[in-house]
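Written below as structure tokens is the structure these notes are about.
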Amino acid sequence: MDLPKHVFFEGDIIPFEQAKISVATHAFNYGTAVFGGIRGYWNEEQKKLYLFRPYDHYRRLLNSGRMMNMEVPYDEESLIQLTLELVRKEGWQTDIYIRPLIYKADLGIGVRLHDLKDDLTIFSLPFAHYIKNDTAAHVTISSWRRIDDNAIPARGKISGAYANSALVKTDAARSGFDEALVLDQNGHVSEGSAMNVFIVRDGKVITPPVTDNILEGITRRTAIELASAELGLPVLERTIDRTELFISDEIFLTGSAAQIVAVTKVDFRPVGMGKMGPVTEKIREWFDSVVRAKVPKYHHWNVEV
Ligand code: PMP
């Protein structure tokens, strides 16, 4: 893995090796951090790097921070500027992934959210595929349940909540699956370990609503917009039952890391014809052009580095 050369840490851009937190850091002990995952896409013809929807990512990061009683002296714009400064310094000429974190930085013992110092760190890495089989993924239904919004905020990216995602992912991977879908406390389909889910049934694109314990995904919002505006399909945000997965024409997953993943098998049952369907294929094509700043209509989502 290529490591970063620099990191934004404790208010400055410093060499990556020098950015160290203590073993007594609150966030390390209790998972009291929130994070983001932003992709930068290299446009080979233009020889330029573009961040995809950083404003929306930073808005969600700050909102996740609000849920966790965090206060930092930054807004979306200043976070984008810091990120641009960092990424320019790295000089990446490839697809990258940017990881910002806001974390409870005090040292010591004591579970709480209040009266603690919050700090920000950001680093970036070269990044290609997250799911290898992204045109023919085989997923299972996890025996784990998705965290409930009344246990840990599900709509935000809270570090501690990713113990749930890690349990889901490891069991699926060790059983030979590419990924798993997780049911929420009510038994409805919520999402994957780190991606949102869509099904296609009878020409309609369907995805769980943000009130079904899902992360409010930015790729999810992008896919909704592309399906509706470019493919002209009706998009419904409604609860999905487990058995609907078995009778869907298509299933796909969305995430900044995962991008758009075609699911062609669920627990050994073929999805539709058992291969990537036309809606998924078109959304993948549109998505790839849009993120690389090749579609003027969506340039407001691309921030040039
Ligand atoms: N759900 C979870 C649990 C995730 O971790 C992610 C990745 N951030 C997603 C969905 C997809 O969200 P996004 O499209 O904003 O990356």
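Laid out as a table, the results:
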| quantity | calculated |
| --- | --- |
| log10 of Debye I(q)/I(0), alpha-carbon scatterers only, for the stretch 198-305 at 0.11, 0.13 Å⁻¹ | -0.34, -0.47 |
| Whole-Hz couplings from phi, Karplus 6.51/-1.76/1.60, listed for the stretch 125-139; x for Gly and Pro | 9, x, 8, 10, 7, 9, 10, 4, 7, 7, 10, 7, 7, 10, 10 |
| Per-residue HN-Hα couplings for the stretch 245-253 [Karplus 6.51, -1.76, 1.60; θ = phi - 60°; Hz; x = Gly/Pro] | 4, 7, 10, 6, 6, 8, 9, 9, 10 |
| Farthest positive-ward along the stretch 177-229 dipole, Cα basis, beta-carbon charges - from Val200, Gln185, Val210 | Val200 |
| For the chain, built as a Gaussian network whose Cα springs stay under 10 Å, the top-fluctuating residue of Asp12, Asp241, Asp56 | Asp12 |
| Under 23 Å from Lys47, Cα to Cα: lysines that are on another chain or at least 8 residues apart | Lys5, Lys89, Lys294, Lys297 |
| Amide H partners (placed H, <5 Å) of Arg39, local residues excluded | Phe52, Ile98 |
| Mean-position separation - Cα centroids, the stretch 62-126 and the stretch 157-235, in angstrom | 24 Å |
| Listed peptides 289-300, 28-39 by packing density, highest first (mean Cβ within 10 Å) | 28-39, 289-300 |
| Over the stretch 90-197, relative contact order from alpha-carbon pairs under 8 Å, at least 6 apart, % | 22 percent |
| Mean separation of Cα contacts under 8 Å (6+ apart) over length of the chain, as relative contact order % | 19 percent |
| Lys, Arg +1 and Asp, Glu -1 on Cβ, resulting dipole of the stretch 206-275 about Cα centre, debye, nearest 20 | 200 debye |
| Relative frequency of Cα-Cα separations exceeding 24 Å in the stretch 1-141, percent | 38 percent |
| Highest to lowest packing among 191-200, 95-104, scored as the average C-beta count within 10 Å | 191-200, 95-104 |
| Normalised alpha carbon radius of gyration of the chain [divisor 2.2 N^0.38 Å] | 1.00 |
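Computed from the coordinates by the stated procedures, all read-outs in this text should not be read as laboratory data. These numbers were taken from a predicted model, which means no experiment stands behind them. Here the Cβ is made from the backbone with ideal geometry for all residues, glycine too, and neighbour counts use every protein chain on show.
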